[in-house]
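The values are calculated or read from the model by the stated rules, or taken from the named source; none is laboratory data. Remember, it's a predicted structure, so these values are computed and weren't measured experimentally. Neighbour counts are summed over all protein chains in view; Cβ atoms, including those assigned to glycine, are modelled from backbone coordinates with ideal geometry.
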Ligand code: NIG
Ligand code: FE
């Protein structure tokens, strides 16, 4: 039988969507939590904890005044790949654009070559190093996309590596992004490649490698008609969809994704009013990626005020990848979400907790409340707004995952 633990002396930013009005972080000043079997049994003010319930605890952990948040969730990463692309960063600094580099055969395709060449063991060693870096800042759930394999075998290899990252002590959700770029062997035959992407999908799903399906709908990616075919296949297999949408131009991909009830649309710098309305109607999460915006030195901001006005939930993520966002700091993304995108610090934290969970279709985490997974972080700060205020500083004290202290 697993132990019941009473966690006391916490200052809780519950981020609960059942708590009071937005703007108060779901704050509980002198908070306590009871965890059992990996779940939170009770969360509230210490003074409200019934004695008989407190008496069921096998052990008590004094959190000594730490600010406590839900475990952080990085809901959009391309963490598994071979090589790196610092050279392209230099080219861009000299004036080349991301699209030009991609059209010249660099960009995603150069990572595809390095990923195909790397052994599963090499990919795992590199990805594990990256995942550990995210974990040192409190990440307990991580999404990882494929999309640098672009053949059935190489996509499967990437997804197996992603799954194995769970051995490090975090939850991993995998997303099949076969429609990320056109591999050289399909040059001039994009529709044939989409056929292949759709054919591989049931096989990858059968191997237990796919939790969701994503695509890159863009001038340098795939058209909305091609994206639709990918989504239709996903729907037939019962897989939820997400989309890299309106990153470099407005393709109307968001409206298409929302037709399929997409969990999230991600990037969104060029999102239109029609796209916002579609997201609102379908309850789709807007995943904001300030690292990619910064690293590509974009100037067109996603329409944050309009998303907020429409009540579209906003998540924040690293988009870790070798081309547009080589960051391994989700905390830095909180800061950038505020400075660049004008999120409030509370919105930013919701973006890596409750709304990030929603972007992955996970309702069992991202908040501190009874019934949720007992995944939480203890921070050496006085107020949760400091998580966005600091940049390049990590105030994490410790992480609890499934009710157990993570080493
Ligand atoms: O999320 N935009 C497409 N995909 C990635 C970048 C991939 C790459 O350049 O390697 C992104 O920004
Ligand atoms: Fe991405």
Residue 243 vs (1) within 22 Å of the chain's Cα centre (by Cα); (2) more than 26 Å from residue 161 (Cβ to Cβ): all pass except (2)
Given (1) farther than 30 Å from residue 290 by Cα; (2) free of Cβ contacts under 8 Å to residues at least 24 places away in the same chain; (3) surrounded by 13 or more Cβ atoms within 10 Å (Cβ to Cβ), residue 54 misses just (2)
Taking region 377-393 and keeping only residues that are surrounded by fewer than 21 Cβ atoms within 10 Å (Cβ to Cβ) and farther than 26 Å from residue 60 by Cα, one is left with 385, 386, 389, 390, 391, 392, 393
Among residues of region 128-166 being free of Cβ contacts under 8 Å to residues at least 12 places away in the same chain and over 17 Å from the mean Cα position of the chain (by Cα), the residue nearest to residue 377 (Cα to Cα) is 129
Residues that are modelled with pLDDT of 95 or more, within 16 Å of ligand 1 (Cβ to nearest atom), surrounded by 21 or more Cβ atoms within 10 Å (Cβ to Cβ) and part of a strand (DSSP E or B): does region 65-74 have at least one? yes
Across (1) more than 16 Å from ligand 2 (Cβ to nearest atom); (2) out of contact with any helix residue (DSSP H, G or I) (no Cβ under 7 Å at 6 or more places or on another chain), residue 266 clears everything bar (1)
The condition from (1) free of Cβ contacts under 8 Å to residues at least 60 places away in the same chain; (2) touching a helix residue (DSSP H, G or I) at 6+ places or on another chain (Cβ under 6 Å); (3) within 16 Å of ligand 2 (Cβ to nearest atom) that residue 257 misses is numbered (2)
Residue 220: passes all of (1) at pLDDT 95 or above; (2) over 20 Å from residue 304 (Cβ atoms) but (1)
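Considering only residues that are in a loop (DSSP other than H, G, I, E, B), under 14 Å from residue 292 (Cα atoms) and away from ligand 1 (no atom under 16 Å from the Cβ), which ones fall in region 323-366? If you could, list the steps in order and put the result at the bottom.
So in region 323-366, the residues in a loop (DSSP other than H, G, I, E, B) come out as 323-324, 326-329, 340-344, 352-353, 360-366.
Going one step further and asking which of them are under 14 Å from residue 292 (Cα atoms), we end up with 323-324, 326-329, 340-341.
Correct list: 329 only.
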Discussion item. Regarding region 193-203, can at least one residue be identified that is in contact with a helix residue (DSSP H, G or I) (Cβ under 9 Å, 6 or more places away or on another chain), outside any helix (DSSP H, G or I) and in the same structural domain as residue 319 (by TED's automatic domain parsing)?
Written reply: no
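Please find, among 363, 369, the residue that is free of Cβ contacts under 8 Å to residues at least 24 places away in the same chain, over 13 Å from the mean Cα position of the chain (by Cα) and under 26 Å from residue 398 (Cβ atoms). Break it down stepwise before answering.
On the way: 369 fails: free of Cβ contacts under 8 Å to residues at least 24 places away in the same chain.
Answer to the selection: 363.
On the basis of being touching a strand residue (DSSP E or B) at 6+ places or on another chain (Cβ under 9 Å) and crowded, with 17+ Cβ neighbours inside 10 Å, does residue 142 make the cut?
Values: touching a strand residue (DSSP E or B) at 6+ places or on another chain (Cβ under 9 Å): yes; crowded, with 17+ Cβ neighbours inside 10 Å: yes.
Yes, satisfied.
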Looking only at region 388-399, decide whether some residue is without any contact (Cβ under 8 Å) to a residue 60 or more places away in the chain, over 20 Å from the mean Cα position of the chain (by Cα) and assigned to a helix (DSSP H, G or I). yes
